[in-house]
Every structure is written in structure tokens, then in C-alpha cells.
Amino acid sequence: MKFSTRSQNLPLYATMLVLLALFSVASLRYEGFFSTRVVANLFSDNASLGIAAVGMTFVILAGGIDLSVGAVLAFTTIFTATLVQNHNVSPFVALPLALAIGTSFGTGMGFLIQRYELPPFLVTLGGMFFARGVAFVISQESVGITNATYDKVLEFGVPLGAEASLSATALAFIVFLIAGAVLAHFTRFGRNVFALGGNENSARLMGLPVGATKISVYAISGFCSALAGVVSTFYKGSGNPADGVGFELDVIASVVIGGTLLTGGVGTMAGTLTGVLIFGTIQTVLNFDGRLNSSWLRIAMGGLLLLFILLQRFLSRHTAAVR
Amino acid sequence: MMNDPFARIRPWFSGASLLWPVLGLLTLLVFNAIYAPGFFRLELRDGHLYGTLVDILNQGSKVMLLAIGMTLIIATGGVDLSVGSLMAIAGAVAAVLVTQAALPFAAIVGTTLALTAIAGTANGLLVAAVGIQPIIATLILMVAGRGIAMLITDGQIITFEHAPLVFVGNGHLFALPFTVTLVLLTLGVTSLATRKTAIGLFLESVGDNEKAARYCGINTTLVKVVVYAFSGLCAGVAGLIATSNIKAADSSRVGEMMELDAIFAVVVGGTALTGGRFTLVGSIVGALLIQTLTTTMYNLGVPPAVAPVPKAIVIVAVCLLQSEKFRQQITSWFGRRQA
């Protein structure tokens, strides 16, 4: 058993190694890459992605998948932007409302998946179409936000040395990631999620609350997607119903590259963080190097995805053979 | 069986599963007959048929083609998420070849389709030989494929005025759009191959119980690789049509969300995602249902961006109707009332 847990951690180490290698090569190659500013920006630029990835990690750990995250993000951005900008609703009311809607949306999908034993893939696909459509019902165009509370949040920053500071969105990401890690690895709920993803029947026979756990992971993912949307309104200063197309793929790719098995039951929050940072580092490299166009980001992510899935596959075969 | 209101017409369909999609399509058509005057009007101009119905066939051709390939994959218990990206690759390759290489048109089409079939084969190998879940294996190409397409076109939108390639998506044959011929041809060949030879049986047996199929002596790996390659081929043809329609290769938009429409068409058509029995005609009806839904909403003045909402409702409704638990719940409600 000890051997299998160790080999399950191998993908995580491999991912960390990739991140380290990527960052080192980029630091040697591009002047000014190795700086606290770049690292701080990695966190604030990818706050939305990271927060959504925390939610997705729970869903994938439980053996499911959530395709609706990009659409829920888009809905949340346009919902909050319209409320704050066009209806003069205080952000203190609009933001909790948006988060509540995202959470209930996720809960609804989780209910359909759990109660009627529907495939998560199709239900969240329906959720994706639905949320995207509703986002466009609210507004067909991008809505900019000018609001005193927003400005105050944007001014906020924790200084890191002379030239860098950690923005509020980056802080939100870090705090949320830690909360997610605690929930996943140090609570009863977290253990239920792992058990459910490992083997649903065993989990049920052990008397674990399988149904409630299953619905909860989709609720968490809905909340995370909505929070990612809220963070995005701060980051971009606007809401846009067309935001986050293909976002779900980036999120899933980050989680899988982070070593979480898509079959469920195996994975870590640290891995998810590493996956998100790899995504961010590739993007930063593309920005530093003007010659490479953005299509390389997709190809690199696809290549890494292939590499890590093959690695996982090889390891799981190997462990099975040892047993 | 006595209470079955459809007992008489059931034998008309090749299985009960075809009943619901056909009924859905009919409902939409009846709705249009009432609320959209001129919906059924057909006009013959210059020997070409025009009208809303023809538009539905023409615009639905891409999803129908994808759905044919997707049906076979889903029958084996898999799924192919990469078809949209493959469409973009096909469009990019074809556009670059017609604008930059002096090749005969047949060679251009051949190269394009060969490339997408090879990409499909790669998917199939990942699924069958390496043993990765289909959703994940094809997700890789879905993510990377669009990047590859952008790389081929160098991030630009390549426009062309190449007559044969423009004909693929805009030409007419036998008074109907040429795309209809392409769909019928693909459907005909696929139906013959799956219903008149043992291939269909192989597909269903792999989807029903892969282990049993292997013990029966079926080369399950080969069967799977072939269906993914075929789906790649279908995606290639659909990509040619999509690119030809707009006379340009737009790598970031061509085939966007198309994979989801195709899966939706297959599921609505009555082929279960769990694999096994499949119906090609059902998937075609499913694809037509989606296209009619979209066209109906355009006619009603619903903005195109809002169109996904009803689509989502139909997806979830169809899933619920196929769910054993949901049916039990409904029957228990009605059972109590009658008792």
C-alpha cells in the first residue's frame, strides 16, 4: 500500500519538476523573468483560473466533470457588472448574490446527476449552454465597471520588495487555495470525496453520505466558478457575456497536469496549484517572447496533457502489476 | 402493450428509440407551420431549390456529418471531443493548399481528409491501445488542435476564391445544395457498411461488453481505431464545408462547439452514451432537430447568442427521459393517481 501511495505522488513530483524546469529555462533566457514581479503576476493573472481549478479538483476527485465553469464565470461577470453599473446596486449586495446564484446552479446540476443518475458530462454540458445563453440574455455586450468600492479593492496590494506587490485578486486566490487544500486533505468531507471517487460502491457500503457528497462537489464547483467570475470583474474592470469560452478546458487541463486522476480518487491541491502555475508560466513566456504567437499556448498545454496522461497511465498499470 | 398509444406506428420505426426524436421534430415543424408563414414554401430558381427547409438541410449538414461519425464512436462506448478542432485543422490545411500550392483539387481534398483521418487514428490509438478514457484522450486534440490550426494559418484568416472548394459548401447538385448529397452519400455508405456487413455487430458488441467481444475473437482495438479514424474523416468533410461556406479559414471559430452539437444530436437520436445499440437515422433526425430549433429561433427573432438556453433545456429533458430513475418516479406519481 505504501508503494502505491508513493507512486501516486510521482505525477505531482513530475509536475513540479516541469514547472521548475520551465521557470529556470525562461529565467535564463529572458532578462527580467526571474523577479518577484513576474511571480506576483503569475498569481494575480491566473487568479480566476486557479479559483475555478480548486472547484474542479473536487469534482474530478469525486470522479465527475464540470463543463459549465466557463459559462458560469461569464454569467457572473455580466450579472455583477450589470447590477453594479446599470442598477447602482452596492457590490456588497451584488457579489454575495452572484456567488449564491453560482452555488445554487452547481447544486441543481449536482442534484440532477445524483438523483437521476445522469452522466455529469451531459448535465454540465446543458448547464454550460444554459448559463452562457442567460449571460447573453442579461446583456449582449461588455459592461464596464466604475465603482468606488471596486477602485478601493484595486488599489489594495501587499508590497513584496521594492517593485512588486500582491494584488487583492492574487490574495483571494492564495487564501482560497489554502482553504481548498484544508477542505480536501484535512476534513471528513475531503475524505468522503476521495472515497467516492475511488469507488462509489465501496463508499456507499461503508456508510458514507455518497449522495450529499456528490451534490456538494458540484455546489463547490459552482461557487468557485462564480468566485472566479467575481475575481475576473476586478481583474478586467468589466463584465462580458462572451468571457471564458474554452475556459473549462484550461481549468481541466491545469487540474490533470497537476496530477489529479480523471478517474477520481487520486490528486492533491498542491498539484492543482502547480498545474495552474505551469499554465501561467507558459503564457508569461509567450508574452516575453514576441516571436511565439498565442497558438503555442494551446499546443503546449495539449502536449503536456498528453505527457501527463501517458505518465499516469503507465504508473497505474505499473501499480496494478505490482499488486 | 395494450395501453401503448403508439402501438400501431411503433413498427414503422427501427426500434422505439426513434419515436421521440421524430415526434420532437414533427412538433417543431407543426409549430413553424402555425407561427412562421412561408416556412414550408419552396421555390425553384435557376434549377435550384430554395426555402427554409432547404436551408435547414444545408446548414445542418455539418452536424449531420459529425453525428454519423460520432454515432459509431458512441456505439463502441466512446466519445470524440476533438471533431470541432479537427474541422478547424481541415479548413486551415485546405485553405493554405488552395492559396499556396498548385495542386489538383482532388489532391487537396485527399491530403486534407487523410490528415484528419490520421488525427482520428491517433485518438483511436490513445483510447484503444494505450487505454485512456475517450473523453480525456480526445480532449488533448481538442485543446491542441485549434492551436495547430492557427499555426497552419499563421494566426491569420485565409480567404480564397478557389471555385471547386467554394462549390463544396455553396454549390448545387440535383437542385439541392451539394452538402445534402455529401450527407446522403456518407449516410448511405455508413448504413450499408454497418447494417449489411458484420461491422455494425462488431461495433455494438464492443460497446455492450468489450471483454466478451474480445473473447469472441473480435479485434476490439482495431474496431475502435477504425471508428475514431472514420470520425476524423467525417470531421474533415464537415470542416471543408464550414470553410467553404464562408470562403475563408477562420481557425479560431470554425467548428466551435460543434462537437457538443454532434454529441447532442446522437443522444437525442436515441443512441445511449453507454454504448451498444445505435441508430444512424436517429442521429440524423437529432441533428435536424437541433438545426430546426436554431432556425425556428432565428425566425422568432431570438438573438443567436441566446439560442443555447432552449438547447440546454432539451438536452437535460432528453437525459431525464432516458433516465430509469426519472421514469420510475413519473410512473409512481401517475400510478398513485390512478389507484
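What follows is calculated from the coordinates using simple rules that are stated; it is not laboratory data. Owing to the predicted nature of the structure, the values given are computational and were not obtained by experimental measurement. Note: ideal-geometry Cβ built from the backbone for every residue, glycine included; neighbour counts use all protein chains shown.
Things worth noting here:
- Tensor-based shape of the protein assembly as shown (alpha-carbon gyration tensor, a/c under 1.5 rounded, otherwise prolate or oblate): rounded
- Relative contact order, percent, chain A [alpha-carbon distance under 8 Å, six or more residues apart]: 35 percent
- Simple label model, 7 Å out from Cα along Cβ direction - A:LEU171 to B:GLU43, nm: 6.5 nm
- Most fluctuating residue given options A:PHE156, A:PHE308, A:PHE43, as computed from a GNM of chain A linking Cα atoms under 10 Å: A:PHE156
- The ranking of B:MET258, A:MET16 from fewest to most other beta carbons within 10 Å of each one's beta carbon is A:MET16, B:MET258.
- Mean separation of Cα pairs under 8 Å and 6 or more residues apart, divided by the residue count, gives chain B a relative contact order of 31 percent.
- Cα gyration tensor shape for chain B, rounded if a/c is under 1.5, else prolate or oblate: oblate
- Charge dipole (debye, nearest 20) of segment A:2-322; +1 at Cβ of Lys and Arg, -1 at Cβ of Asp and Glu: 920 debye
- Local electrostatic count at B:THR52 - Lys and Arg +1, Asp and Glu -1, tallied over other residues with Cβ under 13 Å: -1
- In segment A:65-198, Cα pairs under 8 Å separated by at least six residues give a relative contact order of 29 percent.
- Cross-link pairs exceeding 31 Å in C-alpha to C-alpha distance, out of B:LYS62/B:LYS196; A:LYS152/B:LYS311; B:LYS196/B:LYS311; A:LYS214/A:LYS236, comprise A:LYS152/B:LYS311; B:LYS196/B:LYS311; A:LYS214/A:LYS236.
- For peptides A:119-127, B:189-197, B:294-302, sequence by mean Cβ density within 10 Å, most packed first: A:119-127, B:294-302, B:189-197
- Residues B:LEU260, A:LEU311, sorted so that the one with the fewest Cβ neighbours within 10 Å comes first: A:LEU311, B:LEU260
- Electrostatic tally near A:GLY70: other residues with Cβ closer than 11 Å to its Cβ, Lys and Arg +1, Asp and Glu -1, net -3.
- Nearest-0.05 FRET efficiency for A:LEU205 and A:ARG291, computed from C-beta distance (R0 45 Å): 0.20
- When chain B is treated as a Gaussian network with alpha carbon springs shorter than 10 Å, the biggest mean-square fluctuation among B:LEU139, B:LEU23, B:LEU81 belongs to B:LEU23.
- Calculated [222 nm] ellipticity per residue, helices only, for chain A: -25000 deg cm²/dmol; basis is -39500 (n - 2.57) per DSSP H run with n ≥ 4, divided by all residues, nearest 500.
- Among A:PHE173, A:PHE314, A:PHE279, B:PHE39, the ranking by other beta carbons within 10 Å of each residue's beta carbon, starting with the fewest, stands as A:PHE314, B:PHE39, A:PHE279, A:PHE173.
- Once both labels are positioned 7 Å from their Cα atoms along Cα-to-Cβ, the gap between B:ILE330 and A:SER104 label points is 2.6 nm.
- Prolate/oblate/rounded call for chain A, Cα gyration tensor, a/c under 1.5 rounded: oblate
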